[in-house]
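The values are calculated or read from the model by the stated rules, or taken from the named source; none is laboratory data. Note that this is a predicted model, so its numbers are computed, not measured. With ideal geometry, Cβ positions are generated from the backbone for all residues, glycine too; neighbour counts draw on all protein chains shown. Ligands, DNA and RNA are excluded from the accessible area calculation, which covers all protein heavy atoms including side chains. Shrake-Rupley method; radii C 1.70, N 1.55, O 1.52, S 1.80 Å.
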Amino acid sequence: MLVKVANAPLDQLNTLGFAAKASWLVKAEQANELPEIFDFALSQQLPVFPLGGGSNVIFQGDLKAVVLQQQAQVLSWPEIEPDELILSVPAGYSWQQLVLDTTSKGYFGLENLALIPGQAGAAPIQNIGAYGVELADSLQAVEGYWLPSSRQNKPARFDVIDAKDCALGYRDSRFKHDWKGRFIITALQLQLSKQAEPRLGYADLKARLAIKQQQPEATNLPLPQLIAQVVTELRRSKLPDPAKLANAGSFFKNPVISKQQADELLTLYPTMPHYPAANGSKLAAAWLIDQCGFKGAKRGSVGVHKQQALVLVHTGGGTAQDLLALAEEITSAVKNRFNVQLEREPELVNL
Ligand code: EPU
């Protein structure tokens, strides 16, 4: 029996804490309940909107939709753990719990991605990444359903999509573009290994790990778990906890510009952080915003975090429109000063 709530408040279900209601909120205990949920949405003539942890969405108003929350929470570990493993993870599983579970068993793969909020099923959509690692590095395949299309008379269909067909890029995938609103992710297949090399390209991470490894309590812990602990400490020192201060993580992507423009900017701003990228140079959006004087800025009930200029915060009682006005102010200032266009990262939801 499906649990369906009409006119359901979503305030607690988005980490920006904006007030919004869903026409219907439906909880699925099992992936095989999805066809029934699609039938219900079709009967109501409403779209299905899958919601994970709500940590990467901006609700612009009430959602005229059937909001779907997947609840399946079971990981199946083999009795004897092999060195190399493909683990199937249900979409509703907490990402942070997954990092804790896998790293404490000694598996490498997700350790640099500790403390990222949200549920596993949302991870491929923006190809979550941190400290030099992306989901794409361990994702093998995505399981889910193609939504039924009444227009084309196509029923819902279960499918397994190879990760290499998902066009995973920097904070990007096909789930944000041509597959948007068409495919519901129900599980991930992740490649994990007990033998992999740690990825310590970030100087801060490497230095803090070396200190941690000298502590007596570190000696019995697997290396991936220690790395996850250091990443957790690093993130806690810079990023606000959404449970205490509403936010959606990085609000902008780090922009990629041509090598020529980066060189020109570097003659004016020699200390500007920049990193090689496939098609030019990647800049630190946080640095650009910080240079424009926005760190700690307040505009009524929204503002810029005082420790990380890339994170916009909501202190309560504000709206998506307030936040978008601040984002526009920041985007214009960065464009005027550096001639660099910032791009929003979280998804604007207007159904
Ligand atoms: N910086 C500033 N001012 C600030 C913050 C940072 O000048 O207010 C400078 C730093 O000194 C550094 C550079 O900007 O030189 C980059 O900062 P940081 O290493 O903190 O990382 P980021 O580029 O701002 C990205 C991801 C984060 C991820 C970190 C660590 C994006 C959009 N953001 O941030 O991801 O945790 O790297 O790998 O790529 C997220 O997506 O929600 C997120 C938090």
Restricted to region 73-91 and to residues being in contact with a Ser or Thr (Cβ under 9 Å, 6 or more places away or on another chain) and either within 16 Å of the ligand (Cβ to nearest atom) or without any contact (Cβ under 8 Å) to a residue 40 or more places away in the chain (or both), the residue least open to solvent (accessible area, probe 1.4 Å) is Leu75
With respect to Gln225, is the statement that it is within 30 Å of Lys105 (Cα to Cα) and touching a Ser or Thr at 6+ places or on another chain (Cβ under 7 Å) true?
yes
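Considering region 126-144 alone, what residues qualify as being open to solvent by less than 20 Å² (accessible area, probe 1.4 Å) and within 12 Å of the ligand (Cβ to nearest atom)? Step through it out loud before you land on a result.
At the first step, the residues of region 126-144 found to be open to solvent by less than 20 Å² (accessible area, probe 1.4 Å) are 127-130, 133, 135, 138-139, 141-142, 144.
Within region 126-144, Asn127, Ile128, Gly129, Ala130, Val133, Leu135 meet the criteria.
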So for region 55-72 (the condition being away from the ligand (no atom under 16 Å from the Cβ), under 20 Å from Val142 (Cβ atoms) and assigned to a loop (DSSP other than H, G, I, E, B)), does at least one residue qualify?
yes
Can you say whether Ala278 is open to solvent by less than 40 Å² (accessible area, probe 1.4 Å) and either within 19 Å of the chain's Cα centre (by Cα) or more than 7 Å from the ligand (Cβ to nearest atom) (or both), as far as the supplied structure shows?
no
Mind listing just one residue for me: the one in region 96-125 that is under 20 Å from Ala163 (Cα atoms) and open to solvent by 30 Å² or more (accessible area, probe 1.4 Å) and, of those, farthest from the ligand (Cβ to nearest atom)?
Gln119
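Among what's in region 281-303 and is within 15 Å of the ligand (Cβ to nearest atom) and in contact with a helix residue (DSSP H, G or I) (Cβ under 6 Å, 6 or more places away or on another chain), pick the residue that is most open to solvent (accessible area, probe 1.4 Å).
Going residue by residue through region 281-303, those that are within 15 Å of the ligand (Cβ to nearest atom) are 281-297, 303.
Restricting the remaining residues to those that are in contact with a helix residue (DSSP H, G or I) (Cβ under 6 Å, 6 or more places away or on another chain) gives 281, 288-289, 292, 294.
Working: Ser281: 10, Leu288: 1, Ile289: 0, Cys292: 35, Phe294: 14 Å².
Within region 281-303, the match that is most open to solvent (accessible area, probe 1.4 Å) is Cys292.
Condition first: of a type outside the set (D, E, K, R), touching a Pro at 6+ places or on another chain (Cβ under 7 Å) and outside any strand (DSSP E or B). Can you find one or more residues in region 299-308 that meet it?
Residues of region 299-308 of a type outside the set (D, E, K, R): 300-305, 307-308.
Still in the running and touching a Pro at 6+ places or on another chain (Cβ under 7 Å): 305.
Retained after the next criterion (residues that are outside any strand (DSSP E or B)): 305.
Yes, region 299-308 contains a residue that is of a type outside the set (D, E, K, R), touching a Pro at 6+ places or on another chain (Cβ under 7 Å) and outside any strand (DSSP E or B).
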